[in-house]
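Quick notes on the structure that follows.
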Amino acid sequence: MEATDESVRLMLAFRDGDESAFDALFHRWAGPLLRYVERMVPDTGTAEELVQEAFLRVHGARDRYSPEARFSTWLYRIATNLALNELRRPRRKVRHESTFDDEGSPVDLRAEQPDVDDLVAARRAGSALEAGLEALPERQRVALLLSAVEGFSYAEVAGTLETTEKSVKALVHRARSALAARMKEEGS
């Protein structure tokens, strides 16, 4: 998952005042972190804001960084906490997005979609899995995403969730069992 020594080295260089090291960390980790946060927070714009906020917090906490933990564990803990806080907030109303055609009349962008049959066929399995993930309790979902999708070890997940490896194993097992049961129920 990570060139551990390289990310730690960059963070230590940044802590010592090398701003280009922060840029390198951002370029290395922004993409994977965004993919992770998007799985937790369904709105892409919100996920992007949370990733930016996570890096702002890394920037602000550079003096407190301790190289005992992997950089990725620290970064993902920050992002996980931000995402969980976002999920606990009351839902915001989603704006109806529109644009205007050549005559100045509003056009619903959501109405202009490719062939529905193709979309349904392509997304059926993915949608069932996403729905199953969303239905999981927060800690189970986070533990499963970090271990199965992001490739974190149970020790790293435990560090991110601030719990024990044994607890992480139980969370992942329960998450997999619940997902399997849901997929079987839906016939996927």
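Peptides 132-144, 58-70, 23-35 ranked from most to least packed, by the mean per-residue count of other Cβ atoms within 10 Å: 132-144, 23-35, 58-70. Take every pair of alpha-carbon atoms less than 8 Å apart whose residues are at least six positions apart; their mean separation over the length of region 1-90 yields a relative contact order of 35 percent.
I want the local charge near ARG57. Using Cβ-Cβ distances under 12 Å, sum +1 for each Lys or Arg and -1 for each Asp or Glu among the other residues. So the surrounding residues net to +2.
Amide H to amide H distances under 5 Å link PHE152 with SER147, where only residues 5 or more positions off or on other chains count and H is placed in the peptide plane.
I want the local charge near GLU48. Using Cβ-Cβ distances under 14 Å, sum +1 for each Lys or Arg and -1 for each Asp or Glu among the other residues.
In short, -3.
Just so you know, all these numbers are worked out from the coordinates, no wet-lab data involved. Everything numeric in this text was worked out from a predicted model, so none of it was measured. Reconstructed Cβ throughout: ideal geometry from the backbone, glycine too, with neighbour counts over all protein chains shown.
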